[in-house]
Structure formats: C-alpha cells, structure tokens
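The values are calculated or read from the model by the stated rules, or taken from the named source; none is laboratory data. Please read these numbers as outputs of a predicted model, since none were measured by experiment. Neighbour counts run over all protein chains shown; Cβ positions are idealised from the backbone, glycine included.
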Amino acid sequence: MEYLHTIDRDRCKGCGLCVAVCPKNVLEISGKVNTKGYFPAYQARAEDCIFCAMCCTMCPDVAITISEIEQQTAGQK
Ligand code: SF4
Ligand code: SF4
C-alpha cells in the first residue's frame, strides 16, 4: 500500500508542532508565507516519511492528511 502525505499550506499556521513531533525529521517550516501570512510547514525530506501519522494527529488545524494511493497497476508487478 502506498500513501500520499499532504500539507494544506494555506490552512497551516506555522506553529511547528508537526516539525517537533516527526520521528524522522521530515518536516520544516517554509521561508515563504502563505495566504494568511504564516510560514507553513512542508516536507523537506519527503523520502524519509514513514507515514506514521503523528504529524496529522498533532496538528491543531487539521492541515495534514495522509491518504491511500489507489493502485493503478492492478495485475502488474
Ligand atoms: S507521517 Fe510521520 S514520518 Fe511522515 S512527516 Fe508525519 S510524523 Fe513525519
Ligand atoms: S502542526 Fe499543523 S498548523 Fe502547525 S506547523 Fe504543522 S501543519 Fe502547520
């Protein structure tokens, strides 16, 4: 099963809780403001993400989602 990790940068308030809680040090705070004037979190090292969902659970603004990716290649290896 593959997963997609998404941060809604315009919902994020840049509190940094997700950055602090991530056990794999995947997340960082961006240097570019979002539409609300906050510096949002982003996946600086997306390849290290283990999709543990701790960041999703921690985020007070529900800005992070992890969703399953539909297998497009059913029947193929
Ligand atoms: S899902 Fe887990 S490993 Fe991935 S960014 Fe969130 S806290 Fe880090
Ligand atoms: S915990 Fe949520 S609001 Fe806070 S920096 Fe992370 S994504 Fe943004």
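Structure notes:
- Count of residues meeting criterion [out of contact with any Lys or Arg (no Cβ under 9 Å at 6 or more places or on another chain) and near ligand 2 (Cβ under 8 Å from one of its atoms)] in the range 22-55: 2
- Given (1) β-branched (V, I, T); (2) near ligand 1 (Cβ under 9 Å from one of its atoms); (3) assigned to a strand (DSSP E or B), index of the condition T6 fails: (2)
- Under the condition of being surrounded by 12 or more Cβ atoms within 10 Å (Cβ to Cβ) and either small (G, A, S) or in contact with a strand residue (DSSP E or B) (Cβ under 6 Å, 6 or more places away or on another chain) (or both), the residues counted in the range 44-69 number 10.
- Hits in the range 63-73 (condition: in a loop (DSSP other than H, G, I, E, B) and under 14 Å from V19 (Cα atoms)): A63
- Residues considered: T35, T57, T65. Of these, the only one that is away from ligand 1 (no atom under 14 Å from the Cβ) and not hydrophobic (A, V, I, L, M, F, W, C) is T35.
- Lone qualifier among Y38, Y3 - being of a type in the set (F, W, Y) and buried (at least 16 other Cβ atoms within 10 Å of the Cβ): Y38
- Index of the failed condition, A46 passing every other in (1) within 10 Å of ligand 1 (Cβ to nearest atom); (2) of a type in the set (A, V, I, L, M); (3) touching an Asp or Glu at 6+ places or on another chain (Cβ under 6 Å): (3)
- Residues that are out of contact with any helix residue (DSSP H, G or I) (no Cβ under 9 Å at 6 or more places or on another chain), outside any loop (DSSP other than H, G, I, E, B) and under 18 Å from P60 (Cβ atoms) within the range 9-44 comprise just one, Y42.
So that you can scan it fast, the table gives a plain yes or no per residue for (1) at pLDDT below 95; (2) at positive phi:
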site: C18; (1), (2): no, no
site: N25; (1), (2): no, yes
site: N34; (1), (2): no, no
site: C56; (1), (2): no, no
site: T73; (1), (2): yes, no
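- Scanning the range 38-53 turns up one or more residues that are modelled with pLDDT of 95 or more and among the basic types (K, R).
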